Structures are given as structure tokens and as C-alpha cells.
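Here's the structure we're looking at; comments come further down.
The values are calculated or read from the model by the stated rules, or taken from the named source; none is laboratory data. Just so it is clear, the structure is predicted and the values come from calculations on it, not from any experiment. Here the Cβ positions follow ideal geometry from the backbone for every residue, glycine too, while neighbour counts run over all protein chains shown. We work out accessible area using only protein heavy atoms, side chains counted, and drop any ligands, DNA or RNA first. Shrake-Rupley method; radii C 1.70, N 1.55, O 1.52, S 1.80 Å.
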Amino acid sequence: MRKILIFFITLLLTACGGSNSDGSDKTTYSSCKITKSGALLASDRDYDLNQCWNATGNGYESKGDALQWCEKTVNAYIASRYTVGHSVEYMIESTYCK
């Protein structure tokens, strides 16, 4: 009886993990995207809001590591695209960019 109980617990835990519908791992942070832009021009704001980056490999298990990667990626994007930067907000997700 105990072996059957352990089997079902293991099966339940395995079912809770796994992949999202897009193939990304549910237990990692797989993407970074800009959610708000303070750019002066509407066209720049629209362009910023369409930016999303997928993490390489299996993503980040640590939320802190994912946020550091996302901040670095967003700052590099802003620096490469604009002469004068502006504020942006961003977020990390467990799914890939759409």
C-alpha cells in the first residue's frame, strides 16, 4: 500500500511540473518583455512595447537571475536604439515571447 501511495505522489508531482503549451519550462523564467514605455513619440512607444526576448537555454530558475538578465537586456536595447534614453517597465514570464 505504501508503494502505491508513493507512486501516486510522484505521479502528481511530475504532472505539476513540465512544459507550458509553447514548450517552455513551467519552472523557469523564459522571456523578458517591455510592458510600459515613457518614450516621447507614440511610434517609439509602440516599437518599445513590441520588444520581447527569449532566454537562451532552459531559461532562469532564479527570479533574481532572470530579473538581472532582463534589466541588462532592456538597458542594452534602449542604449542601442535611442540617443537619449527614457523610462521603461518590463517583466519576466515563464513562457516564450509570442
Report task. Return only the number of the condition from (1) surrounded by 14 or more Cβ atoms within 10 Å (Cβ to Cβ); (2) modelled with pLDDT under 95 that residue 69 does not satisfy. Result -> (2)
Query - Conditions (1) within 12 Å of residue 91 (Cα to Cα); (2) out of contact with any Gly (no Cβ under 9 Å at 6 or more places or on another chain); (3) of a type in the set (Gly, Ala, Ser): number failed by residue 39 - result: (1)
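Conditions (1) under 8 Å from the mean Cα position of the chain (by Cα); (2) more than 29 Å from residue 18 (Cα to Cα); (3) touching a residue at least 12 places away in the same chain (Cβ under 8 Å); (4) in a helix (DSSP H, G or I), marked per residue:
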residue	(1), (2), (3), (4)
45	no, yes, no, yes
53	yes, no, yes, no
69	no, no, yes, yes
76	no, yes, no, yes
79	no, yes, no, yes
83	no, yes, no, no
90	no, no, yes, no
95	yes, no, yes, no
**Report entry** Failed condition for residue 40, given (1) within 22 Å of residue 23 (Cα to Cα); (2) touching a residue at least 24 places away in the same chain (Cβ under 8 Å); (3) outside any helix (DSSP H, G or I)
**Finding:** (1)
Requested in this report: Could you tell me whether any residue of the stretch 13-25 is at pLDDT below 95, open to solvent by 50 Å² or more (accessible area, probe 1.4 Å) and aliphatic (A, V, I, L, M)?
Outcome: yes
Query raised in the report: Quick check: anything in the stretch 55-62 modelled with pLDDT of 95 or more and not small (Gly, Ala, Ser)?
Result: yes
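Of everything in the stretch 26-46, what is under 19 Å from residue 82 (Cα atoms), in contact with a Leu (Cβ under 9 Å, 6 or more places away or on another chain) and open to solvent by 40 Å² or more (accessible area, probe 1.4 Å)? Give them in sequence order.
Our first condition is that a residue be under 19 Å from residue 82 (Cα atoms); within the stretch 26-46, this holds for 33-46.
In the following step, the residues that additionally are in contact with a Leu (Cβ under 9 Å, 6 or more places away or on another chain) were identified as 33-37.
Residues satisfying the conditions are 33, 35, 36.
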Query - Subset of the stretch 72-98 [open to solvent by 40 Å² or more (accessible area, probe 1.4 Å) and of a type in the set (Phe, Trp, Tyr)] - result: 90, 96
